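See below for the structure under consideration.
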């Protein structure tokens, strides 16, 4: 998908598909209204190739829509749960990838994220839609978003849990400093849609955001002891 097509869709079409008044109780899973919205996006754009950070209800929805799906997940147990109930023709279009979360350093800031293998990066680069719903701790998804913006230049990128201020902040920062089309809805957990562009990516963060990453990292370390 050309970046201009994704940008036009975000600006002209998405606001009519998403209602801020819809709030489903899906727990940690993607709620019904968000699933319906993503299915509508796939149908309208005719998308066939999806990459997702995480797996679950979204995986089943994408496969039911006829897409080929690559799911990058850190938990074998969760992948097995996702696979349960999938039809053989759906399993044939699903590529589950299990890889451990690692401590990743990005411009002096620590994240719990993935260092994907070259073939996984290839799947990300080929995607037409990227859903970011993992790692489990939403602040660490900033690194997943950076990976998507680097490699999935022909995709529409969707970040879940954008109602969380930290998530909304880094999505807005990366979109604004790279002049990317963006649309955020407060539906359910909050979805943020971003259209990447070709060219150099500005991945910098200001001092305030840098300190927030470190604060979250230190709090996380304290609870893991």
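What the table below lists for this structure:
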{"quantity": "Distance cut-off 14 Å, percentage of C-alpha pairs in region 51-92 lying past it", "calculated": "39 percent"}
{"quantity": "Additional length obtainable on full extension of the chain from residue 13 to residue 57, 0.36 nm per residue less Cα span", "calculated": "13.4 nm"}
{"quantity": "Chain lengthening between residue 137 and residue 86 when straightened (0.36 nm per residue, less Cα-Cα)", "calculated": "15.7 nm"}
{"quantity": "Estimated [θ] at 222 nm from DSSP helical runs (n ≥ 4, -39500 (n - 2.57)) normalised by residues in the chain, nearest 500", "calculated": "-12000 deg cm²/dmol"}
{"quantity": "Separation in nanometres of the label points that stand 7 Å from Cα toward Cβ, at residue 29 and residue 115", "calculated": "3.5 nm"}
{"quantity": "Relative contact order of region 1-119, pairs being alpha-carbon contacts under 8 Å that are 6 or more residues apart, as %", "calculated": "16 percent"}
{"quantity": "Most mobile listed residue (197, 184, 103) in the chain, GNM with C-alpha springs under 10 Å", "calculated": "103"}
{"quantity": "Cβ-derived FRET efficiency at R0 30 Å, residue 126 paired with residue 218, nearest 0.05", "calculated": "0.20"}
{"quantity": "Region 1-132: C-alpha pair distances exceeding 28 Å, %", "calculated": "22 percent"}
{"quantity": "Average Cα contact separation per residue, region 93-216, under 8 Å, 6 or more apart, as relative contact order %", "calculated": "22 percent"}
{"quantity": "Selected from 62, 111, 210 as most flexible by GNM, with the chain as the system and alpha-carbon contacts under 10 Å", "calculated": "210"}
{"quantity": "Taking the chain and dividing mean pair separation by its residue count, relative contact order in percent (alpha carbons under 8 Å, at least six apart)", "calculated": "23 percent"}
{"quantity": "Highest-fluctuation residue, 152, 65, 204 considered, GNM on the chain with Cα pairs under 10 Å", "calculated": "204"}
{"quantity": "Point-to-point label distance, residue 209-residue 43, nm (Cα→Cβ direction, 7 Å offset)", "calculated": "3.5 nm"}
{"quantity": "Projected label distance in nm at residue 2 and residue 75, using a 7 Å step from Cα toward the beta-carbon", "calculated": "4.2 nm"}
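Coordinate-derived values only; no laboratory data. The shown structure was predicted, so the numbers you read here are calculated from the model rather than taken from an experiment. As a convention, Cβ positions derive from the backbone with ideal geometry for all residues, glycine included, and neighbour counts pool all protein chains shown.
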